[in-house]
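Down below is the structure, laid out as C-alpha cells.
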Amino acid sequence: MLKKLFKSLRSPLSLKRQPRPRSTPEILGPRQHSLQRGQFSRNAVNVVERLQNAGYQAYLVGGCVRDLLIGMQPKDFDVATSATPEQVRAEFRNARVIGRRFKLAHVHFGREIIEVATFRSNHPQGDDEEDSHLAARHESGRILRDNVYGDQESDAQRRDFTINALYFDVTGERVLDYAHGVHDIRNRLIRLIGDPEQRYLEDPVRMLRAVRFAAKLGFEIEKHSAAPIRRLAPMLRDIPAARLFDEVLKLFLAGRAERTFELLVEYDLFAPLFPASAKALERNPEYAGDLIRQALANTDERIALGKPVTPAFLFAALLWPALPARALQLQDRGMPPIPAMQEAAHELILEQCRRIAVPKRFTIPIREIWDMQERLPRRHGKRADLLLENPRFRAGYDFLLLREEAGEQTDGLGDWWTDYQDASDSERRAMIRDLSSRPDDGGGEGAPVARKRRRGGRNRRRGPRSDAPAGE
C-alpha cells in the first residue's frame, strides 16, 4: 500500500519546475559577497585547513554560510569533506565518530563541537540498493540509512534546500553555489533541491525543516516546495518519536516559536505532532489558540533576552488545551475533580509520548505545573505559605497568568497571588482572613476547568519577576 502511495505521489512535472543543480558550481569571489574567513569559527577554519593539508577537500558548508550571507550569527559551524569519518578521526585526536543512519565525525574543542560530514552521493537503486549495507530505504521511500559517499557535486545535489547547498572555501574566500542558493537568499525563498514530493518522502522531517527555516529567516516557502506538504503531513507519524522530540525543540526554541506555530497549523503539520491539542484547537480555536500563541510569544521574548526556557513549561502549554475536556469527561463518569484531572493528565502525556518522546525529566515537571493549577486556588490556613515554598510554585504561578491572559476566568486568583508574593507577613495574614469572609473562601478543592472570562474585563498586566524566570 505504501509503495502505491509513493508511486501515486511522484509527480514527473514537479522536477521540471525546480531549478536543476549545476554540475559545476557558480563561484563567487571575494568581491561578489561579504564573507570573510574571520567571521567563521576559528576552530572550524582550523579543521578545514588541517584536512586540506592532509590532502582532502574540505569546506565550511550549509547553515553557517547561509546565515552569514543573510547577516545572522550562526550557532553552529559545519564542515563537508572528501575524508571519511574514520579518516577524520585519524587526523584529530579530539574527534568522535557518531551516528548510524548518518555517520559523521564530531571534532571537540572544549564546549564547541565542529560537525564534519563526508560528501554524500545519491542512493543506489533497485537490486544495488538491496545489497548495500550503506544505504537503506523504507518501502514508503523514507531513507533509513544514508552512508553512501560521493563527491562535492553529488553532495550538493543531495542537500535538502538550495540555501543550504553553499560551500565556503577558506583558502580563496570563495562561495561555491551549486543550486542557485544565493539567488533564493536574495529572493527570501525556501526551495527544495529536486522533486519536492520525492525529497519529502525520503525524509518527512524536511517538511518541518522547511517551516523552521521559513520562520527563523523570515522567508517564504517556494510554492512548488510547499504544494505537497499538506498531503504528505501524515508521513510524520512514521518518524521515530525520539527524533521528533529533537525536531520540536528546534522548532520552538529558535526564537520564532509563534510564527512557527502559525506555519505548522497552516500546512497541517501541527496535528501529526500534537494530535490531542490539534483537536482542542478545532473545538475551541479562540481559547486554545490564544493560550498557545501567548506561551510561544513569551518563549520568544525570553530567548531574545537571553533568559532560560524549559521545554517542560513549553510542552505544558502546548498540551493544556486538551486537558480540561478530558478531565470533565472523567467527572461525567463519576470521578471526583482532582482524581479526574490527574488521570486525564496521565493519559494525555502517555498518548503524546507515543508521538513525541518527551523525556521523563520533562514529563514530571509538566505534571507538577498542571497539578499546581489545582493547588493554587486552595489558599486557606498555611497552604498559601507552603505553596510559596514549593519549587514548582513559580512555574505554576506563571502558568496561571498564562491561562488568564488566554481568557480564563479565575475570580482574580492571579492578582491575589501577585499581591501575596509582595505582601508583608501581617498583610498576608489579613489576605488569608479575608478569604474566609467570602462565599467561596478559597479553601475548597478548586475546579479543574476555569470559566471563560468575558472580553474587555479587568486584565491587569502581571509579568514574571525579573529575579525568577518563568517556567523555571
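Miscellaneous remarks
- All conditions in (1) under 29 Å from residue 215 (Cβ atoms); (2) touching a Ser or Thr at 6+ places or on another chain (Cβ under 9 Å); (3) assigned to a loop (DSSP other than H, G, I, E, B) hold for residue 357, with the sole exception of (2).
- For the residues 212, 199, 259, the requirement of being assigned to a helix (DSSP H, G or I) and more than 30 Å from residue 401 (Cα to Cα) singles out 199.
- Answer residue from region 160-179, given it is over 16 Å from residue 77 (Cβ atoms) and not hydrophobic (A, V, I, L, M, F, W, C) and is surrounded by the most Cβ atoms within 10 Å (Cβ to Cβ) among those: 162
- Residues (in contact (Cβ under 8 Å) with a residue 60 or more places away in the chain, surrounded by fewer than 20 Cβ atoms within 10 Å (Cβ to Cβ) and in contact with a helix residue (DSSP H, G or I) (Cβ under 9 Å, 6 or more places away or on another chain)) located in region 76-92: 82
- Verdict on residue 248 being surrounded by 19 or more Cβ atoms within 10 Å (Cβ to Cβ), part of a helix (DSSP H, G or I) and in contact with a helix residue (DSSP H, G or I) (Cβ under 8 Å, 6 or more places away or on another chain): yes
- Single residue of 279, 250, 223 found to be modelled with pLDDT of 95 or more and more than 26 Å from residue 359 (Cβ to Cβ): 223
- Unmet requirement for residue 388, which otherwise passes all of (1) surrounded by fewer than 16 Cβ atoms within 10 Å (Cβ to Cβ); (2) under 28 Å from the mean Cα position of the chain (by Cα); (3) within 18 Å of residue 422 (Cα to Cα): (2)
- Taken over region 33-75, the residue count meeting the criterion of being touching a strand residue (DSSP E or B) at 6+ places or on another chain (Cβ under 9 Å) and on the phi > 0 side of the Ramachandran plot is 1.
- Filtering region 40-60 to residues that are within 19 Å of residue 119 (Cβ to Cβ) and basic (Lys, Arg) leaves only 50.
- Contact annotation: residue pairs with Cβ atoms under 8 Å, 6 or more positions apart or on different chains, pairing a residue in region 172-196 that is closer than 22 Å to residue 48 by Cβ with a partner that is aliphatic (A, V, I, L, M) and part of a loop (DSSP other than H, G, I, E, B), are 173/35; 175/35; 177/165; 178/165; 179/165; 179/193; 181/165.
The values are calculated or read from the model by the stated rules, or taken from the named source; none is laboratory data. Bear in mind that the values here come from a model prediction, so they are computed numbers and not experimental data. Glycine gets a Cβ as well: all are built from the backbone with ideal geometry, and neighbour counts include every protein chain shown.
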